[in-house]
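A quick write-up on the structure given underneath.
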Amino acid sequence: MSVFMDLNLNYTTDKSRMRSLIETAAHLGFSTVAINHVFEPTAKKKQEIPSPTLIKELIDELPAVQGRSRPIRVLNRLTVVMSDSSHFRPNAAEYRGFDLLAVQPTTEKLFHPVCCMKSTSSVSPSQRSFRSSSRERRSTG
């Protein structure tokens, strides 16, 4: 049985560490990895959205996937941490350089509207944000 899996690698400025993570993922048989950039906007000041990683600058030749003859595929992913509905602008030009766009709602109130958005690749709920409210429900039940 064939199973598709991808791996989310948190971005670091240490290029040798990123190279090592990509090589390890290929050796473990991952056909695709996503370098994840996290952006957490605040209402107080305008922040710059991170730029996608240029793969050619990171690694000269992509390693072959274990058991296959083709190289690993490396994507760029942006995760926008959303504590307010105004923090996410789905059609922002700054997002276009990324292959994947994820939204991480910080409250249950934002979770449902985020799930209904068609402009995101994935929704990454924060377990820490929802943990306290689920405990409250269990204790009152």
note = Within region 1-44, residues farther than 20 Å from Thr79 by Cβ and modelled with pLDDT under 85 come out as Met1, Ser2, Val3, Phe4, Lys44
message = Checking the condition among the polar types (S, T, N, Q) and part of a loop (DSSP other than H, G, I, E, B), which residue from Thr24, Thr12 passes?
response = Thr12
message = What's the number of the only condition in (1) under 17 Å from the mean Cα position of the chain (by Cα); (2) modelled with pLDDT of 85 or more; (3) open to solvent by 100 Å² or more (accessible area, probe 1.4 Å) that Lys118 fails to meet?
response = (2)
message = So if I check each of Lys56, Lys109, which one is within 25 Å of Arg17 (Cβ to Cβ), at pLDDT 65 or above, in a helix (DSSP H, G or I) and not polar (S, T, N, Q)?
response = Lys56
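Considering only residues that are open to solvent by 90 Å² or more (accessible area, probe 1.4 Å) and modelled with pLDDT of 85 or more, which ones fall in region 59-95? Even if it seems obvious, please write down each step before you answer.
Residues of region 59-95 that are open to solvent by 90 Å² or more (accessible area, probe 1.4 Å), as a first pass: 60-61, 66, 68-70, 73, 89, 91, 94.
Listed by number, the residues that qualify are Asp60, Glu61, Gln66, Arg68, Ser69, Arg70, Arg73.
The values are calculated or read from the model by the stated rules, or taken from the named source; none is laboratory data. No experiment lies behind these values; they were computed from the predicted model shown. Neighbour counts are summed over all protein chains in view; Cβ atoms, including those assigned to glycine, are modelled from backbone coordinates with ideal geometry. To get the accessible areas, we keep the full protein, side chains included, count just its heavy atoms, and leave off ligands, DNA and RNA. Shrake-Rupley method; radii C 1.70, N 1.55, O 1.52, S 1.80 Å.
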